[in-house]
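Single-structure report; data block below.
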C-alpha cells in the first residue's frame, strides 16, 4: 500500500513536469511562429487559399450542381469540359501561383511592401466575393453580377495599391 502511494506521488510529479514541458514547448512554438509569419506572408497564403483553391473548388461545385454554362469564364468552362473538376483546380492553382510569384518578385524591390500588400488584400476580398457568387449560384439564389464583382475588385485593387504607393514613398515617414 505504501509503495502504491509512492508510485502515484512519483507519477503525479512526472505528470506535472510533462505539463510544464508541454506548456514551454507550446510557448516556444508560438514565439517561433510569430517571428516567422509576417503580415505579407500571411496575405500571400490567404491569397493562394482564396484565389487558387477556394475559387476553383467553389466553381467546380457550382458547375457540378448547376451545369457548366453557369460559369462565366469561357476558359474555365473549356477546361471543365475537357479535364473535369481536377483540371479546373490544377489550372487555377497554377494560374494563382504565377500571379503570386510575380507579386513576390515585385515585393523584393525597395519601397514596394505596402503596394504588394494592397494588391494581395484586394485579391483576397475579390476572391471571397467570387466564391460567394459561386456558392449562391450553386444553391439557386441570385448572386452579385460578374460585372459588379469585377468593378469592385478592380476599384479595390487601384485604391489599395495607390494607398500602398503613398505609404511606401520614402518621404512619407518623415
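Does residue 147 fit the bill of being free of Cβ contacts under 8 Å to residues at least 12 places away in the same chain and more than 30 Å from residue 171 (Cβ to Cβ)?
The answer is yes for residue 147.
Please find, among 72, 50, 24, the residue that is surrounded by 10 or more Cβ atoms within 10 Å (Cβ to Cβ) and part of a loop (DSSP other than H, G, I, E, B).
Numbers: 50 fails: part of a loop (DSSP other than H, G, I, E, B); 24 fails: part of a loop (DSSP other than H, G, I, E, B).
So the residue among 72, 50, 24 that is surrounded by 10 or more Cβ atoms within 10 Å (Cβ to Cβ) and part of a loop (DSSP other than H, G, I, E, B) is 72.
Could you list all residues from the range 82-105 that are surrounded by 13 or more Cβ atoms within 10 Å (Cβ to Cβ) and farther than 30 Å from residue 38 by Cα?
Scanning the range 82-105 gives 83, 84, 85, 87, 88.
Read the figures in this text as sums done on the coordinates, not as results from a lab. Bear in mind the structure is a predicted one, so any value in this text is a computation, not a measurement. Neighbour counts are summed over all protein chains in view; Cβ atoms, including those assigned to glycine, are modelled from backbone coordinates with ideal geometry.
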